[in-house]
1. What are the ³J(HN,Hα) values, in whole Hz, obtained from phi via the Karplus relation 6.51 cos²θ - 1.76 cosθ + 1.60 with θ = phi - 60°, for each residue of region 6-15 in sequence order, with x given for Gly and Pro?
2. Say each of Gln77 and Glu130 gets a label point 7 Å from the Cα, pointing the same way as Cα to Cβ; how far apart are those two points in nm?
3. From the backbone phi of region 126-138, what are the Karplus-calculated ³J(HN,Hα) couplings (6.51 cos²θ - 1.76 cosθ + 1.60, θ = phi - 60°) in whole Hz, Gly and Pro given as x?
4. In nm, give the distance between the simple-model label positions of Arg26 and Gln116, each being 7 Å from the Cα along the Cα-to-Cβ direction.
5. Among Ser150, Ser2, which comes first, then next, by fewest other beta-carbon atoms within 10 Å?
6. Compute the angle between helix 28-44 and the longest alpha-carbon principal axis of the chain, please, reported from 0 to 90 degrees and rounded to the nearest 10.
7. Given the pairs Lys56/Lys76; Lys76/Lys106; Lys48/Lys76; Lys76/Lys133; Lys32/Lys76; Lys76/Lys160, which are separated by over 28 angstrom at their Cα positions?
Amino acid sequence: MSAVEFNQMLLNNTDFLKPFAFTLTRDNETAKDLLQETMFRALANREKYNVGTNIKAWLYTIMRNIFINNYRRRAKQNTIFDSTPNEFFLNYQQATVSNTAETSMKMKEIQTAIHQLPEIFKSPFMLYFEGFKYQEIAYILQEPLGTIKSRIHFARKLLKEQISRY
């Protein structure tokens, strides 16, 4: 296939690519950039196109791959620009320092609420809280599985009522 024929095939399929580009990007200007990049890549990789195959599918695949690569690249670049005199990049997702005093007060209140539960609910809930599975708790307490699930559910409900601030 000659270069002129290939270029004509690309031009004939441009109208089909525009809506697809807009569907991916949801922005008119970005869709135009995506379409332009797709055409450039198609021209640059003309020798990889197999004559007689579906050119629309080939172009759609190129466009989709460009979009995915750009999306992944943007996701990795979660940095913001700081315009202070030092001019450096800050990581957008910085960790915050927690207030351990407030956390310990909350934990004490939660533990108090757990210990105030009726024993019938406290035993299965504590085992569940320690990481045991429902089946294991039922075996340990010699109770049916449904009973264990019900008691843990009611324990959660009671705790939620007692500790409504969190």
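What follows is calculated from the coordinates using simple rules that are stated; it is not laboratory data. A quick note: this is a predicted structure, and the numbers were derived from the prediction, not measured. Positions of Cβ are generated from backbone atoms using ideal geometry, with glycine treated the same way; all protein chains shown enter the neighbour counts.
1. 5, 4, 5, 5, 5, 5, 5, 9, 5, 5
2. A separation of 5.2 nm, rounded to one decimal place.
3. 5, 5, 5, 5, 7, x, 6, 7, 3, 4, 5, 5, 4
4. So the label points at Arg26 and Gln116 sit 4.5 nm apart.
5. Ser2, Ser150
6. Approximately 60 degrees, to the nearest 10.
7. In this structure, Lys56/Lys76; Lys76/Lys106; Lys48/Lys76; Lys76/Lys133; Lys76/Lys160 lie more than 28 Å apart at Cα.
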